[in-house]
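Colleague: Have a look at this one before I ask anything.
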Amino acid sequence: MPVRTHRTVLRRAAAGCVAALTLALACACGPGSGGSGQAVGTPAAGPSGSASAGATPSGAASTGAAGSGAAGATPSGSASSTSSSPSGPATGSASAPAPGTPSGGTTGTPAPGQPSGNQAPATTAAAPRPAPDAPGTSVVYRTASGAAGGKTVALTFDDGPGPYTGQILDLLDQYHAKATFCEIGPQASANPALVKRIVADGNRLCDHTVHHPQPMHTLPLDKQTYEITAAKDMITRAGGPGTQVSWFRAPGGDFSTANRQIAVQDGLRPLGWTVDTRDWARPGVDQILANAKSELKPGGIILMHDGGGDRSQSVAALAQLLPWLVQQGYTFDFPAS
Ligand SMILES: [Zn+2]
């Protein structure tokens with residue numbers, strides 16, 4: 001999806017987050033709001049296939065969303081949203097990673113087609129981390145089988161588990177669909193039965209930090225490390241022996257060189273999305289559906305929320321989205337890992 005669009009989306013997201021933040025962890029944000037501008041994610045307009053973490057030059061915050069992914073490049077829907085860009089909080093803007101920040105800035109400039117590479121090693125200097133740009137640190141923006149060209153989709157739900165997770169699991173079961181749940185550590189600790197059911201139903205888990213910090217990339221490295229590793233531990237403990245947590249999704253899609261590396265070292269693949277339903281903003285069921293339908297392409301990853309506040313609209317939208325996906329010939333897949 002075009003970067004611009006993204007930005008807009010991000011701004012909106014930010015707005016939503018701010019609102020949602022009342023509840024502390026809550027922020028629904030999947031959407032990139034965080035503002036980090038770090039654009040790790042989106043390949044500039046291009047499809048580069050994957051997810052590279054490269055950022056868009058513009059510094060923009062293209063974070064999470066868009067990737068190219070299998071879905072091919074630019075997700076269409078996008079353009080449309082551009083216009084409406086709300087003035088929301090400036091999130092994005094600021095983004096440009098402060099010079100000093102470890103992760104931040106560097107991400108920026110990969111040639112459109114280039115894979116994650118980017119970060120200038122120099123910047124990472126102080127960090128006690130291993131080689132920058134270790135393989136596999138790029139953000140995933142497509143389904144596992146997406147590269148093969150199948151008509152697949154990966155559903156992802158953020159900020160839970162919580163009061164709406166059970167209804168979402170019921171719907172998934174009804175359509176024999178599987179999804180990936182990006183969980184907040186303490187939420188998992190507080191709802192171990194839900195985590196166990198998620199896994200028992202054949203769904204998968206993703207680490208969405210302990211406190212949902214936004215922006216995340218400006219935190220000291222030790223704090224970023226804690227956010228990721230402690231959340232993984234909480235989710236794993238809640239799920240019980242053998243529980244696997246396979247991905248890490250930065251709050252608001254605020255991926256940085258640093259947090260991607262921390263995640264990978266902890267066995268987690270950074271996970272983005274290509275379709276932001278913006279359900280976190282509770283725009284109404286019809287709008288959530290319209291967002292999903294207009295932006296989705298085969299191999300895409302849909303972002304929705306099962307936590308972070310009142311998710312009744314998300315549940316109602318999912319009840320209509322699932323049959324639509326089936327009717328369109330989509331099969332449910334997990335993100336690439
Ligand atoms: Zn979130």
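Every number here is computed from the coordinates shown, using simple stated rules; none is lab data. The model shown is predicted, which means the values in this text are computed figures rather than measured ones. As a convention, Cβ positions derive from the backbone with ideal geometry for all residues, glycine included, and neighbour counts pool all protein chains shown.
Colleague: Sticking with the crude label model, points 7 Å out along Cα→Cβ, report the distance from D310 to A193 in nm, one decimal please.
Modeller: 2.5
Colleague: Follow-up. Could the peptides 187-193, 324-330, 305-311, 153-159 be put in order, highest first, of the mean number of other beta-carbon atoms found within 10 Å of their residues?
Modeller: Ranked by mean Cβ neighbours within 10 Å, highest first: 153-159, 305-311, 187-193, 324-330.
Colleague: Mind giving me the nanometre distance, one decimal, between the label points for S337 and W324, set 7 Å out from Cα along Cα→Cβ?
Modeller: Label at S337, label at W324, 2.9 nm between them.
Colleague: Let me ask you something else. Going 7 Å from the Cα of D201 in the Cα-to-Cβ direction, what parts of region 302-326 have a backbone nitrogen less than 16 Å from that spot?
Modeller: Within reach of a label on D201, which here means backbone N under 16 Å from a point 7 Å along Cα→Cβ, region 302-326 contributes 304-308, 311-323.
Colleague: For H305, what residues show an amide H to amide H distance below 5 Å, using hydrogens built from the backbone and excluding near sequence neighbours?
Modeller: Here D158 satisfy the definition.
Colleague: Starting from the amide H of L271, placed 1.01 Å from N in the peptide plane, find each other amide H under 5 Å away whose residue is 5 or more places distant or on another chain.
Modeller: When sequence neighbours closer than 5 places are left aside, the close amide H contacts are V140, F248, R249, A250.
Colleague: Using Cα centres only, tell me the gap between region 231-292 and region 132-207 in whole Å.
Modeller: When both Cα centres are located, 8 Å separates them.
Colleague: Turning to a different aspect of this structure: Rounded to the nearest 20 debye, what is the charge dipole size of region 146-332 about its Cα centre when +1 sits on each Lys and Arg Cβ and -1 on each Asp and Glu Cβ?
Modeller: Working: 16 positive and 18 negative charges, 76 e Å.
Here region 146-332 has a charge dipole of around 360 debye.
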